[in-house]
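J.: My questions all concern the structure below.
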């Protein structure tokens with residue numbers, strides 16, 4: 001079953017979102033935004049007392065329904081639900097709820113901003129720039145401008161330098177051609193350009209950056225395939241063999257983001273779970289961002305790779321309301 | 001009198017165009033698109049026989065009316081008026097008519113493409129990227145994708161290299177913050193960054209490119225003003241004193257495009273007219289692009305600077321139907 005919802009945003013654009021069975025989110029077909037808003041208000045008045053109803057409501061509302069709740073909340077209480085939540089973030093649970101309630105583009109703007117300011121999580125910026133289609137990426141840029149009064153590329157450029165800057169700025173500002181046409185000759189030439197950059201041949205990076213930041217995804221995938229044919233190994237494997245500075249890490253994330261977002265995300269959650277102490281930020285990011293998109297596929301990929309159910313792994317690594325909320329978004333009520 | 005027209009484009013976006021008394025175009029408030037289409041059909045069937053009615057119709061229709069005519073033409077003759085014109089371009093007159101009939105974003109896409117392929121007219125790319133507001137620039141990028149099945153930045157990057165490439169790609173992919181907020185401290189620091197780049201201090205270009213490709217126009221103008229306060233001369237004058245390679249020419253055009261599009265365009269037409277043999281491409285480009293925007297201001301600036309009426313200068317340098325058409329767009333029937 002495929003449902004298309006067209007959302008009208010305040011900043012003059014339309015996004016067609018695709019909700020499909022790849023999602024894990026379980027949302028009822030009807031609900032009362034007013035009643036939801038009132039129930040949330042009550043729950044927020046005593047954070048720590050009624051997380052259950054927060055999870056019960058927000059954990060079962062899709063992006064359109066959450067927008068309706070936000071509108072109803074504003075009408076009844078003259079207060080922005082998102083701003084309210086923003087001021088209440090204490091622990092992982094509140095953070096996850098706050099991330100979740102944001103519209104996808106706005107959420108990515110927040111994620112990108114936090115990453116840029118951290119000065120080290122640039123892979124999140126690369127993820128946003130490569131996993132999305134051109135219109136989605138544009139929506140993130142608009143949301144970023146709207147929220148921070150600066151452009152996404154402005155903040156990226158101000159926090160980086162050299163080839164890393166060139167690559168990141170090129171990725172976030174791209175507006176690629178979407179189509180199936182491939183130029184096999186280009187794939188051949190540009191596979192070699194990438195090969196030289198991977199081997200850190202001096203002066204080769206700029207051309208590799210040009211290729212990765214301007215070609216269509218279909219063309220890039222053809223180029224990566226050509227690379228494997230020529231060199232007998234994938235470009236990502238080759239990249240892992242050669243060192244791993246920030247630039248090469250960004251290259252690696254970009255190529256994985258272009259090629260196979262499901263596998264990319266599976267690796268993100270796998271690493272998050274494997275990590276001593278668990279990387280909650282990464283876990284929350286993937287679950288919240290993909291729950292109404294393709295989290296079912298990511299979950300299947302996880303099982304295939306690790307022989308452990310994703311929801312079991314999540315349940316083992318988390319606790320309390322945070323755990324309940326993530327599992328709800330995963331479509332598994334305990 | 002200000003008239004706002006909202007145009008819906010086929011590729012899912014809306015543009016609010018602002019028609020004001022800065023325009024020179026004289027268009028009737030009502031017309032019959034069907035009759036216009038039929039009259040044009042007749043005239044096209046004998047190019048060289050009835051240019052007068054082509055000028056009489058198209059020289060007096062605004063962007064919305066031209067779209068209506070294009071639609072009517074397609075309905076009646078099952079043929080795209082623009083494609084038809086495209087195939088008939090022989091001389092300056094046909095070229096000007098063809099440029100004129102395109103929607104502004106599509107026209108800019110064509111102008112940019114021709115400039116990129118020429119390998120030398122990159123100032124036209126810079127002009128498009130700096131004179132427009134962020135939404136207009138985005139519309140050009142969409143039109144470019146739509147028309148050429150490649151992105152604007154893809155073609156720019158493939159035809160340039162080094163700092164010139166970085167600057168041009170950064171300019172065409174920018175999506176700047178629009179607002180009045182200024183950071184005076186940044187203006188101070190970044191005026192010095194620009195100064196070092198103008199003086200061709202080694203390694204200073206990348207930071208100058210970052211500033212010019214990411215900051216808001218308001219912030220950039222504050223930076224240029226700060227530059228003049230510190231150095232007692234404008235940054236553009238300083239640029240003219242130092243050499244003039246392609247990179248510096250692009251810098252120069254960008255700064256003028258940001259600061260004062262009217263003065264910028266005045267200089268373009270002044271140079272076009274001064275040139276031995278006249279630069280018809282430049283003359284056509286400015287008149288056709290600005291006739292329903294701010295050509296009256298450009299014309300006034302021309303008179304102020306040259307003590308010659310712009311329409312007289314145009315009349316002197318051109319002839320035949322081409323001359324008649326340009327003068328019609330200038331609001332001056334002979």
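J.: For segment A:239-248, does any single residue satisfy the condition of being buried (at least 17 other Cβ atoms within 10 Å of the Cβ), out of contact with any strand residue (DSSP E or B) (no Cβ under 7 Å at 6 or more places or on another chain), away from every other protein chain (no Cβ under 14 Å) and touching a residue at least 60 places away in the same chain (Cβ under 8 Å)?
T.: yes
J.: Are any residues in segment B:69-79 under 20 Å from residue B:105 (Cα atoms) and crowded, with 18+ Cβ neighbours inside 10 Å, and if so, which ones?
T.: Matches in segment B:69-79: B:69, B:70.
J.: For segment A:143-153, how many residues meet the condition of being surrounded by fewer than 24 Cβ atoms within 10 Å (Cβ to Cβ), assigned to a helix (DSSP H, G or I) and within 9 Å of chain B (Cβ to nearest Cβ)?
T.: 2
J.: May I ask you to say which residue of A:21, A:6 is in contact with a strand residue (DSSP E or B) (Cβ under 9 Å, 6 or more places away or on another chain), surrounded by fewer than 19 Cβ atoms within 10 Å (Cβ to Cβ) and either within 14 Å of another protein chain (Cβ to nearest Cβ) or modelled with pLDDT of 65 or more (or both)?
T.: Of the residues listed, the single one that is in contact with a strand residue (DSSP E or B) (Cβ under 9 Å, 6 or more places away or on another chain), surrounded by fewer than 19 Cβ atoms within 10 Å (Cβ to Cβ) and either within 14 Å of another protein chain (Cβ to nearest Cβ) or modelled with pLDDT of 65 or more (or both) is A:6.
J.: With the condition kept exactly as written, say whether any residue in segment A:281-294 is touching a helix residue (DSSP H, G or I) at 6+ places or on another chain (Cβ under 6 Å), surrounded by fewer than 20 Cβ atoms within 10 Å (Cβ to Cβ) and in contact (Cβ under 8 Å) with a residue 40 or more places away in the chain.
T.: Scanning segment A:281-294, I find no residue that is touching a helix residue (DSSP H, G or I) at 6+ places or on another chain (Cβ under 6 Å), surrounded by fewer than 20 Cβ atoms within 10 Å (Cβ to Cβ) and in contact (Cβ under 8 Å) with a residue 40 or more places away in the chain, so the answer is no.
J.: Does any residue of segment B:279-293 turn out to be part of a loop (DSSP other than H, G, I, E, B) and at positive phi?
T.: Checked against the condition, which is being part of a loop (DSSP other than H, G, I, E, B) and at positive phi, segment B:279-293 yields no hits at all.
J.: Related question: Out of B:273, B:255, which single residue is buried (at least 19 other Cβ atoms within 10 Å of the Cβ) and within 30 Å of residue B:222 (Cβ to Cβ)?
T.: Matching residue, one of B:273, B:255: B:255.
J.: Next question. Restricting to segment B:265-278, name every residue that is in a helix (DSSP H, G or I) and under 15 Å from residue B:121 (Cβ atoms).
T.: Result: B:268, B:271, B:272.
J.: Now for a separate question. Among the listed residues B:197, B:157, which satisfies the condition of being buried (at least 22 other Cβ atoms within 10 Å of the Cβ) and modelled with pLDDT under 95?
T.: One residue alone meets the criteria, B:197.
J.: Given the conditions (1) outside any helix (DSSP H, G or I); (2) facing chain A (nearest Cβ under 10 Å); (3) more than 26 Å from the chain's Cα centre (by Cα), which single one is not true for residue B:200?
T.: Going through the list (1) outside any helix (DSSP H, G or I); (2) facing chain A (nearest Cβ under 10 Å); (3) more than 26 Å from the chain's Cα centre (by Cα), residue B:200 breaks only (2).
J.: Anything in segment A:287-334 that is over 21 Å from the mean Cα position of the chain (by Cα) and under 13 Å from residue A:25 (Cα atoms)? List them, or say none.
T.: Within segment A:287-334, A:332, A:333 meet the criteria.
J.: Of the numbered conditions (1) without any contact (Cβ under 8 Å) to a residue 40 or more places away in the chain; (2) within 11 Å of chain A (Cβ to nearest Cβ); (3) more than 12 Å from residue B:126 (Cα to Cα); (4) in a helix (DSSP H, G or I), residue B:160 satisfies every one except a single condition; which is it?
T.: (4)
J.: For the structure I just gave you, tell me whether residue A:132 is farther than 11 Å from residue A:172 by Cβ and surrounded by fewer than 20 Cβ atoms within 10 Å (Cβ to Cβ).
T.: no
J.: Taking the conditions exactly as written (under 22 Å from residue B:208 (Cβ atoms), more than 11 Å from chain A (Cβ to nearest Cβ), out of contact with any strand residue (DSSP E or B) (no Cβ under 8 Å at 6 or more places or on another chain) and without any contact (Cβ under 8 Å) to a residue 60 or more places away in the chain), does residue B:125 satisfy them or not?
T.: Yes: the conditions hold for residue B:125.
J.: Within segment B:228-238, is there a residue that is closer than 17 Å to residue B:131 by Cα and crowded, with 17+ Cβ neighbours inside 10 Å?
T.: Checked segment B:228-238: at least one residue is closer than 17 Å to residue B:131 by Cα and crowded, with 17+ Cβ neighbours inside 10 Å.
J.: How many residues does segment B:294-333 contain that are farther than 18 Å from residue B:104 by Cα and in a loop (DSSP other than H, G, I, E, B)?
T.: Total satisfying the criteria: 8.
J.: Tell me, yes or no, whether segment B:251-261 has at least one residue that is assigned to a helix (DSSP H, G or I) and within 30 Å of residue B:57 (Cα to Cα).
T.: Taking every residue of segment B:251-261 in turn, at least one turns out to be assigned to a helix (DSSP H, G or I) and within 30 Å of residue B:57 (Cα to Cα).
J.: Moving to a separate point now. Checking residue B:52 against (1) within 25 Å of residue B:315 (Cα to Cα); (2) modelled with pLDDT of 95 or more, which test does it fail?
T.: (2)
J.: Here's something else I'd like to know. If I ask for residues that are over 25 Å from residue B:330 (Cα atoms) and at pLDDT 95 or above, which ones from segment B:79-116 would you list?
T.: Matches in segment B:79-116: B:113, B:116.
J.: Looking only at segment A:171-190, filter to residues that are within 10 Å of chain B (Cβ to nearest Cβ) and part of a helix (DSSP H, G or I); which one of those is farthest from residue B:144 (Cα to Cα)?
T.: A:186
J.: Of the conditions (1) more than 11 Å from chain B (Cβ to nearest Cβ); (2) farther than 19 Å from residue B:152 by Cβ; (3) without any contact (Cβ under 8 Å) to a residue 60 or more places away in the chain; (4) part of a helix (DSSP H, G or I), residue A:168 fails just one. Which one is it?
T.: Of the numbered conditions (1) more than 11 Å from chain B (Cβ to nearest Cβ); (2) farther than 19 Å from residue B:152 by Cβ; (3) without any contact (Cβ under 8 Å) to a residue 60 or more places away in the chain; (4) part of a helix (DSSP H, G or I), the odd one out for residue A:168 is (3).
The values are calculated or read from the model by the stated rules, or taken from the named source; none is laboratory data. Keep in mind it's a predicted model, so treat the numbers as computed, not measured. All Cβ positions, glycine included, derive from the backbone under ideal geometry; neighbour counts span all protein chains shown.
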